[in-house]
1. May I ask for the percentage of alpha-carbon pairs in region 283-356 that lie more than 18 Å from each other?
2. Once the whole set of protein chains is in place, how much accessible area is left on GLU37, using a 1.4 Å probe, in Å² to the nearest 10?
3. Which order do the peptides 341-352, 240-251 come out in when sorted by mean C-beta neighbours inside 10 angstrom, highest first?
4. Plugging the Kirkwood radius over Cα pairs into Stokes-Einstein for the chain, at a temperature of 10 °C and a viscosity of 1.306 mPa s, what D comes out in µm²/s?
5. Okay, helix-only estimate at 222 nm for the chain: each DSSP H run of n ≥ 4 adds -39500 (n - 2.57), divide by all residues, round to 500 deg cm²/dmol; what do you get?
6. I'd like the distance between the alpha-carbon centres of region 285-308 and region 121-184, rounded to an integer number of Å.
7. Please report, ordered by residue number, every helix of the chain (full DSSP H runs) that is 15 Å or longer along its axis going by C-alpha atoms and whose mean Kyte-Doolittle hydropathy reaches -1.0.
8. For ALA164 and GLN345 in one chain, what is 0.36 nm times their gap in residues minus the Cα-Cα distance, to one decimal in nm?
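The values are calculated or read from the model by the stated rules, or taken from the named source; none is laboratory data. Bear in mind that the values here come from a model prediction, so they are computed numbers and not experimental data. FYI the Cβ positions are ideal-geometry reconstructions off the backbone, even for glycines, and counts take in every protein chain you see. All accessible areas refer to the heavy atoms of the entire protein, side chains included, with ligands and DNA or RNA removed. Shrake-Rupley method; radii C 1.70, N 1.55, O 1.52, S 1.80 Å.
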Amino acid sequence: MKIAVLPGDGISQEIVPHAVEVLRALPGLGDKFEFEEAVIGGAALDLVGNALPDETLALARQADAILLGAVGTPRYEALARRGRPGTGLLRLRKELGLYANLRPARIYPVLIDASPIKADIVSSVDVLVIRELTGDLYFGEPRGRVNNEPGQRECINTMRYTEAEIVRIARAGFEAARGRRHKLCSVDKANVFETMAMWREIVNEVATEYPDVELRHLFVDAAAMALIRDPGQFDVMVTTNLFGDILSDVTAALTGSIGLMPSASLGGGSKGLYEPIHGSAPDIAGKNIANPLGMILSAAMMLRHSFDLPEAAARIEAAVEQVLNAGLRTADIAKPGESTVGTKQMGEAVVAAVRG
């Protein structure tokens, strides 16, 4: 099982090694993984001046799965957009055809107090947000500045979707709902955008193939409010690239920290890209305070979706819950006055729990 390891930038250099060590610690499986590392994002710009070097893309194509940290570093933010670290990740998703981003969110009972929302509301959080990943404003053309004259500056981004793109992400949503509680909420803004009206129309057409799944539609603003007021009503949510980016951060807040949130980016086959949904957090990089659990849980998703190893995935997930139940807290999930552990200690604790 060949895994491309792309650490990326910032705290990624601290959290990715712990995910690798957790995989190596799996009894009977650890020695069956082959890891090969490459650069992406700001690290790649530093090395070769390209956020996605040809060698990195080739490795990702050859690998059975990709484990990625996060990309982004402040010193490149002043560059033209196409020269920034994030373009490497966007291009990688596009080149590999990874169009469905799965972002599960669940509340750990011992972390209910870490959520800013009342305990009786967040106790029911168990939702999967499926974000379309290769269309929408992120890739639509035309885009860019069309007038730079002072007082007349103008810029354009294009929200664009094809029928085929909507059909495949809708099917991903319905299939996921079939494996959970058979409820799917499609989130759009069909009352304003023609693109979103077509989205709703096509999702309704796909729904005829899944009579066993209950479908509802919500506008994105109503969905955001409903997630805060009554998150337990949601099972699977399927939505656009932009709205999925935003709503999954809402679900992260419900759980108490974005540092807990894993994701899987999937396409038509078993190859996937697995990364936590948080960014590179350059402000805390190198301080041994980042939470590695989202990265570790992303590795568990890799076992489940790319390698069909649900028992091994469950072992990692149980190990994460075990260390949390034992009282270990990184700074982002600790209550005021509660003692904390660093990135290294939290990662090593999960490794020990996986070994048993």
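1. 41 percent
2. Approximately 130 Å² for this residue.
3. So the peptides 341-352, 240-251, ranked by packing, come out 240-251, 341-352.
4. Roughly 76 µm²/s, to the nearest whole number.
5. My calculation for the chain gives -12000 deg cm²/dmol from helical runs alone.
6. Between the Cα centre of region 285-308 and that of region 121-184, the gap is 24 Å.
7. 12-24, 86-96, 163-178, 194-207, 241-255, 293-305, 310-325, 343-355
8. 60.6 nm
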